[in-house]
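The values are calculated or read from the model by the stated rules, or taken from the named source; none is laboratory data. As the structure is a prediction and not an experimental result, all values here were calculated from the model. In this analysis, Cβ positions are derived from the backbone assuming ideal geometry, glycine residues included, and neighbour counts consider all displayed protein chains.
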Amino acid sequence: MSDFWSGWIIVLTAVSYVLLAWLLLSNRKINQHKDGATTGHIYDGIEEYDNPMPSWWIKMFVLSMVFGAGYLLAYPGMGKFPGLLNWTSVSQWQGNVDAAKQKNEALYAEFMQKDAEALVADPKAMRIAKRVFANNCAICHGNDAKGSYGFPNLTDNDWLYGGSPDQIARSIRDGRSGMMPGWQSVLGAEGVKSMGAYVQSLRDAQASASAEHAESREKFTMLCAGCHGASGEGNIAMGAPRLNDDIWLYGGDTGKIIHSIANGRSGKMPAHADNLSAAKIHLLSAYVYQLAEEEP
Ligand code: HEC
Ligand code: HEC
C-alpha cells in the first residue's frame, strides 16, 4: 500500500470515528422530556413521541466506540499501521496449518510404530484411513472398495497379488501391472472359443476332466498354466487371477471370458509412492487388509 493510500485510509477512519462520536454526543442532549411532545410525524393516525434515545442504547454505543478504538490499536485497520499485536490473516492461517501439521505428524509417527493388527484395532486410525481411501482410491475401487469391471474388489479375500498387509502395501506403493497376452493368433477363433468353455469348466473338476475338453486342457497346460496354475488356481507372483472360482475381474460370462483370452488384458494399478507418505500407505494397507478380513 502506498503512503498516500495509507494516509487516506487513516484520515478517513479517524474523521468518521470523530464524526460518529460527535453525532452521538450531540443528540444525547435532547432529553428534556416534554410531556406529549411529538415529532409531528403521523403514520396512519399514529403519532410519534419526541423522546430521547434510551440510555442503555447510548451506553452500548459508547462501549462499541471504545471497543472500536481498542480494536484499531491492536489490529491492522489504520492504513499501514500493523497494530500492536502484529496480527495478520496470513500468520494466523500459517499458525493453524503448522498446528495441524504438527498434530498430524505426531499421529502418523504413532501409526508408523504400530503393525497392521494394532492399526485395525485402533478406531481412530481406521476412521482416518477410510477418508484417505475415499480421497485416493475410491475413484477406481469404489467407495465401498468392492471394485467394478477391471478394478478388483478389495473386500473379497481373492487376491491378484496377495492379501498380507505387506503385499497390499507393495501394491499401493509400487503399483501393479497385469500382463495377460492375447491368444487369438495362437489358438485361432475356434480354439479361443473351446478354451473359453474349458476355463468355465474349471470350477468343476469333473467337468474339466471330461473328454470334450481334452484338447484345450492340453493347450492350457502348455500355454496358460505357467501363469494361472495347473488347475487355474492363480499365481500372485504374476498377478494371474484364479480361474477356477466365481470371481472375475473382467466378467465371467462366455463372451467376456472369450474376449479376455482372445485379446488379453492389462489392468494397471498406479504407484502411489510419490503422492502418499509412507505412513499413509502403511495405514491404507491395514485398512484394506481389514476390509477383507471382515468379509465372511
Ligand atoms: C486409476 C485407478 C486406480 C486407483 C486410483 C487405485 N487403484 Fe488399486 N488397482 C487398480 C487396478 C486396475 C488394479 C488391478 C491391477 C491388475 O489388474 O493387475 C488395482 C489393484 C489394487 C490392489 C491389488 C489387489 C489384489 O487383488 O491383489 C490393491 C491392494 C489396490 N489396488 C489398492 C489400492 C489402494 C489402497 C488405492 C488408493 C491409494 C488404489 N488401489 C488406487 C486401479 C486403481
Ligand atoms: C504371462 C502370464 C499369463 C499367461 C501365459 C496367461 N495369462 Fe491369463 N491372465 C494373466 C494375468 C496377469 C491376468 C490378469 C490381467 C489383469 O490384471 O488385467 C490374466 C487374466 C486372464 C483372464 C481374465 C480373468 C478375470 O478374472 O477376468 C482369463 C479368462 C485368462 N487370463 C485366461 C487365460 C488363458 C486361457 C490363458 C492361456 C491361453 C492365459 N490366460 C495365459 C496372465 C497370464
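Which one is nearest to Ser231 (Cα to Cα) among residues in the stretch 148-203 that are basic (Lys, Arg) and out of contact with any helix residue (DSSP H, G or I) (no Cβ under 8 Å at 6 or more places or on another chain)? Looking at the filtered set, the residue picked out is Arg203.
Within the stretch 208-216, is there a residue that is more than 9 Å from ligand 2 (Cβ to nearest atom), touching a strand residue (DSSP E or B) at 6+ places or on another chain (Cβ under 9 Å) and on the phi < 0 side of the Ramachandran plot? No, that holds for no residue. Beta carbons closer than 7 Å, at least 6 apart along the sequence or on distinct chains, pair a first residue in the stretch 162-177 that is on the phi > 0 side of the Ramachandran plot with a second that is within 13 Å of ligand 2 (Cβ to nearest atom) and not in a strand (DSSP E or B) for Gly162/Ile236. For the stretch 118-146, a residue qualifies if it is acidic (Asp, Glu) and either loosely packed, with under 13 Cβ neighbours inside 10 Å or under 10 Å from the mean Cα position of the chain (by Cα) (or both), and exactly one does: Asp144.
Output the residues belonging to the stretch 74-117 that are of a type in the set (Asp, Glu) and over 23 Å from the mean Cα position of the chain (by Cα). Asp115, Glu117, listed by residue number.
For the stretch 173-181, the condition of being under 30 Å from Ala134 (Cβ atoms) and part of a helix (DSSP H, G or I) holds for at least one residue.
For the stretch 225-242, the tally of residues that are more than 14 Å from ligand 1 (Cβ to nearest atom) and either touching a Leu at 6+ places or on another chain (Cβ under 9 Å) or assigned by TED's automatic domain parsing to the domain that holds Arg170 (or both) stands at 4. Pairs are defined by a Cβ separation below 7 Å, a sequence spacing of at least 6 or placement on different chains, a first member in the stretch 263-277 that is near ligand 2 (Cβ under 8 Å from one of its atoms), and a second member that is among the hydroxyl-bearing types (Ser, Thr, Tyr) and assigned to a loop (DSSP other than H, G, I, E, B); the pairs so defined are Arg265/Tyr250. Just one of the numbered conditions (1) within 16 Å of ligand 1 (Cβ to nearest atom); (2) assigned to a helix (DSSP H, G or I); (3) not aromatic (Phe, Trp, Tyr) is not true of Met195: (1).
Based on what the data block shows, is Lys101 exposed (fewer than 11 other Cβ atoms within 10 Å of the Cβ) and closer than 23 Å to Leu20 by Cα?
No; evaluated as a whole, the condition is false for this residue.
From the list Trp159, Trp87, the one residue that fits, being at pLDDT 95 or above and in a loop (DSSP other than H, G, I, E, B), is Trp159. Evaluation of Pro181 against the conditions (1) within 16 Å of ligand 2 (Cβ to nearest atom); (2) in contact with a Phe, Trp or Tyr (Cβ under 6 Å, 6 or more places away or on another chain) shows that the sole unmet condition is (2). Tell me yes or no: at least one residue of the stretch 119-132 is on the phi < 0 side of the Ramachandran plot, out of contact with any Gly (no Cβ under 9 Å at 6 or more places or on another chain) and outside any helix (DSSP H, G or I). Yes, the stretch 119-132 has at least one match.
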